[in-house]
């Protein structure tokens with residue numbers, strides 16, 4: 001489970017790391033507001049002009065001119081004080097408005113910070129969803145391949161047939177005694193094999209020599225006419241050993257290296273080219289063990305067929 005989701009875990013880890021770094025770098029801080037204070041004197045006890053502007057002090061001045069001048073100065077002082085008080089009130093209101101704006105901006109920073117972190121979380125979720133969707137698509141494709149493989153046609157070699165031919169004609173040539181070999185191909189799949197064609201190639205080799213390279217010819221479209229149902233077989237054309245080849249083979253001095261191939265398509269595919277057909281290859285050796293006098297003696301002829309390498313199928 002961990003191995004299959006390693007990319008997802010690494011991706012989410014990287015996104016979480018980047019989100020943490022950005023969160024630390026952009027962590028909002030509360031603004032430091034300038035605190036202010038001023039005296040708010042009681043009107044009953046505070047006089048802007050001082051004690052000389054008290055009513056009792058003004059009444060005690062005997063000179064009327066001096067008393068009037070002092071009263072005028074007190075009124076001017078009181079007016080200046082009222083003006084200063086009003087100006088201080090306006091400044092206080094502006095400071096309160098600036099503080100409210102700073103608090104609102106601080107809350108906006110927090111909202112932006114949460115949105116940024118939320119964006120990275122959404123990004124991680126989107127990446128995880130994309131990875132899971134890719135894995136789901138891959139698993140679906142694999143399931144489709146498995147389902148098609150279970151129900152498609154599969155041509156496999158099921159055996160080599162040997163025949164003893166006497167007084168016959170092969171390729172319009174009269175033959176006295178000959179050995180003939182054919183290969184049976186069985187459809188072991190779950191659906192019919194269509195456009196089936198088989199081919200065979202062989203070579204006579206001295207005993208002790210290695211298996212030679214053999215090529216099998218590619219069929220033409222006109223040959224792809226056979227249909228093999230599941231569980232049914234088709235047989236290749238015959239490979240015949242005649243004349244001196246048959247004599248050497250019967251004496252056990254040579255062996256037959258043979259390669260057979262079945263070309264076919266299944267009902268789930270429609271190849272546009274010959275090269276796109278399914279095929280199965282099988283290679284084997286045929287040896288005569290010798291030690292008999294009469295050709296074609298069923299009891300005395302001992303012929304061994306051995307598969308070479310692995311069966312190759314597409």
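Observations
- Tally of residues being in contact with a strand residue (DSSP E or B) (Cβ under 9 Å, 6 or more places away or on another chain) and surrounded by fewer than 13 Cβ atoms within 10 Å (Cβ to Cβ) across segment 219-232: 6
- Residue 55 vs. criteria modelled with pLDDT under 70, assigned by TED's automatic domain parsing to the domain that holds residue 133 and over 30 Å from residue 132 (Cα atoms): no
- Residue 195 being surrounded by 15 or more Cβ atoms within 10 Å (Cβ to Cβ), at pLDDT 85 or above, more than 30 Å from residue 6 (Cα to Cα) and in contact with a helix residue (DSSP H, G or I) (Cβ under 9 Å, 6 or more places away or on another chain): yes
- Here residue 209 fulfils each of the conditions (1) surrounded by fewer than 18 Cβ atoms within 10 Å (Cβ to Cβ); (2) touching a strand residue (DSSP E or B) at 6+ places or on another chain (Cβ under 8 Å); (3) under 24 Å from residue 307 (Cα atoms) apart from (2).
- Note on segment 168-192: residues that are modelled with pLDDT of 70 or more and either closer than 30 Å to residue 264 by Cβ or assigned to a loop (DSSP other than H, G, I, E, B) (or both) total 15.
- Qualifying residue in segment 142-158 (condition: part of a strand (DSSP E or B), at pLDDT below 85 and either at negative phi or not assigned by TED's automatic domain parsing to the domain that holds residue 19 (or both)): no
- Selection status of residue 80, modelled with pLDDT of 80 or more, closer than 30 Å to residue 11 by Cα and either out of contact with any strand residue (DSSP E or B) (no Cβ under 7 Å at 6 or more places or on another chain) or surrounded by fewer than 14 Cβ atoms within 10 Å (Cβ to Cβ) (or both): no
The values are calculated or read from the model by the stated rules, or taken from the named source; none is laboratory data. These figures come from a predicted structure and were not determined experimentally. Methodologically, a virtual Cβ is constructed for each residue, glycine included, from the backbone with ideal geometry; neighbour enumeration extends over all protein chains shown.
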